[in-house]
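These notes concern the structure reproduced below.
The values are calculated or read from the model by the stated rules, or taken from the named source; none is laboratory data. All values derive from a computational prediction rather than experimental measurement. Quick reminder, even Gly has a Cβ in these numbers, built from the backbone with ideal geometry, and neighbours come from all protein chains shown.
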Amino acid sequence: MKEQSLYLFNTLTKQKEKFLPIKSGWAGMYNCGPTVYDYVHIGNLRAYVFADVLRRTLEWSGYTVRQIINITDVGHLTSDADDGEDKMTKGLRREGLPVTIEAMRELAEKYTRAFEEDISALNILHPTALPRATEHISEQIELIKALEAKGFAYITSDGVYFDTARDPNYGKLGGLSAQAGLSDESFVRADTNSEKKHPRDFALWKFSPELGWGSPWGKGFPGWHIECSAMSMKYLGETFDIHTGGIDHIPIHHNNEIAQSENATNAPLAYYWLHSAFVNFKSAKMAKSAGGFITRKTLEERGFNSVSYRYWLLTAHYRSPLEFTWEALDGAQNALQRLKNRFLELGSGGGAPSQVYLKKFTDFLSDDLNTPQALALVWNFLKNPEISDLDKKATLIEFDKVLGLGLAGIVPTGIPPDVAKLIEKREGARKHDDWQTADELRREIEHLGYSVKDTDTGPRIQKMN
Ligand code: AMP
Ligand code: ZN
């Protein structure tokens, strides 16, 4: 299949550019992942819904995607600029756990699992791999050794640092003025950074007698930035197509990743750099430390379906900041419910997707993932009297491949809740190609007196006589 043209806003060039893959038909993508010292908040989840829509759009456009989201399970200091306590250590203390590698692994496991549940509840497709930083310590050490051999690293009493003055291209992603703005809080704190040659130099390896791994420089743990350089290289090669993160990653984290990787390999790290905007709460950035720490669990406790949150995110362009309010989420939940109801009313059976509307939908997505326009199109499309219900249903199923609202898995009303639960579970198993579980669940459903027939438009459920 010939790939569709796709235009993406590239932070590197500050303009929309046509996506040209390194290898025809393939896209390699790295999304900076969570630090697993606590639950992620719904602001964090925007970064992964965005990455998921990007992945689904690439697939929709004909690409095979290799998607990597890293799990930071060590070495992320509370500030991006190398000071403060390590976030994982902070998590250990909060939970009354000893500061040991084993306890840290336990903590990381707990919150990695919670993260996987979060992304699955938001219909975020599982990435190709979710590599953990602690499982790639040797790769990180090798990379630091390579940088040291090329003269890019120097040693201070608290760690090994990257010498940004040696890199004339340092900061090419921009945001350096934002970095300078950070200096008041972080860079100028002489107590933590007194031996740094330049305030913007950053840690490649931090010494830690308390917690750490052996290295040629002494016991300690890797800096946060180096893990992304090491793992992206391992899973996607020295140069790959797309790198994403939240806008807060631009000034420090991504400039530092570029500096490390490109000076080690003499090759570009990634060609397209995409960044999603923040979710604000009461006009401030949602953050773990601030009052507005809302998790997916909080949403569910207040009666919201996680997919309603996804719907709400899709109503804005990924580069526009969003102000979270409970009323807005309520509106999204109602809209999603209306869409599900409409979907069910369309009946079941064979239909053909409307090529005209598929083209319009593609045009919106190809314009830097314009999901608000794509969603508006869905509602206009449903009003079109010239398209039959079954064709509408078939078209919606296609749209949902990108929107990810789980329309195909919706269970009609009137089905007892225990049967509905099994049907949903079975759809989950089918999504992961787990046919054995799907078959077992079908037998359980039949045992309760219902038959399941899998059709192109989702499962058809009937009461058996
Ligand atoms: P962290 O665990 O802090 O590295 O954040 C994980 C991801 O969430 C990163 O891509 C951040 O850019 C993103 N992020 C953090 N806070 C917000 C927010 N309030 N709204 C949207 N994205 C956020
Ligand atoms: Zn990263």
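Assorted remarks:
- Flag for Ala178 being under 24 Å from the mean Cα position of the chain (by Cα) and either modelled with pLDDT of 90 or more or part of a helix (DSSP H, G or I) (or both): yes
- Residue match in region 291-307 (condition: at pLDDT below 85, part of a loop (DSSP other than H, G, I, E, B) and under 29 Å from Met88 (Cα atoms)): yes
- Qualifying residue in region 429-437 (condition: exposed (fewer than 14 other Cβ atoms within 10 Å of the Cβ), of a type in the set (D, E, K, R) and not in a helix (DSSP H, G or I)): yes
- Where a residue in region 22-37 is touching a residue at least 24 places away in the same chain (Cβ under 8 Å) and its partner, wherever it lies, is among the basic types (Lys, Arg) and away from ligand 2 (no atom under 15 Å from the Cβ), with Cβ under 6 Å and at least six apart: Gly28/Arg66
- Hits in region 214-232 - residues which are surrounded by 22 or more Cβ atoms within 10 Å (Cβ to Cβ) and either within 16 Å of ligand 1 (Cβ to nearest atom) or at pLDDT 95 or above (or both): Pro222, Gly223, Trp224, His225, Ile226, Glu227, Cys228, Ser229, Ala230, Met231, Ser232
- The residue of region 267-290 that is surrounded by the fewest Cβ atoms within 10 Å (Cβ to Cβ), among those that are at pLDDT 95 or above and outside any strand (DSSP E or B), is Ala267.
- Taking every residue in region 194-223 that is assigned by TED's automatic domain parsing to the domain that holds Arg132 and polar (S, T, N, Q) and pairing it with any residue that is outside any strand (DSSP E or B) and surrounded by fewer than 18 Cβ atoms within 10 Å (Cβ to Cβ), at least 6 positions away or on another chain, the pairs with Cβ-Cβ distances below 7 Å are Ser208/Lys219.
- One residue from Ala259, Ala270, Ala328 being in the same structural domain as Phe202 (by TED's automatic domain parsing), within 16 Å of ligand 1 (Cβ to nearest atom) and in contact with a strand residue (DSSP E or B) (Cβ under 9 Å, 6 or more places away or on another chain): Ala270
- Check on Met29, surrounded by 23 or more Cβ atoms within 10 Å (Cβ to Cβ), in the same structural domain as Phe202 (by TED's automatic domain parsing) and over 27 Å from Phe293 (Cβ atoms): yes
- The single residue among Ala165, Ala153 that is over 30 Å from Gly406 (Cα atoms) and buried (at least 21 other Cβ atoms within 10 Å of the Cβ) turns out to be Ala153.
- The residues of region 347-368 that are free of Cβ contacts under 8 Å to residues at least 60 places away in the same chain and either assigned to a helix (DSSP H, G or I) or of a type outside the set (Ser, Thr, Tyr) (or both), listed by number, are Gly347, Ala352, Pro353, Gln355, Val356, Tyr357, Leu358, Lys359, Lys360, Phe361, Asp363, Phe364.
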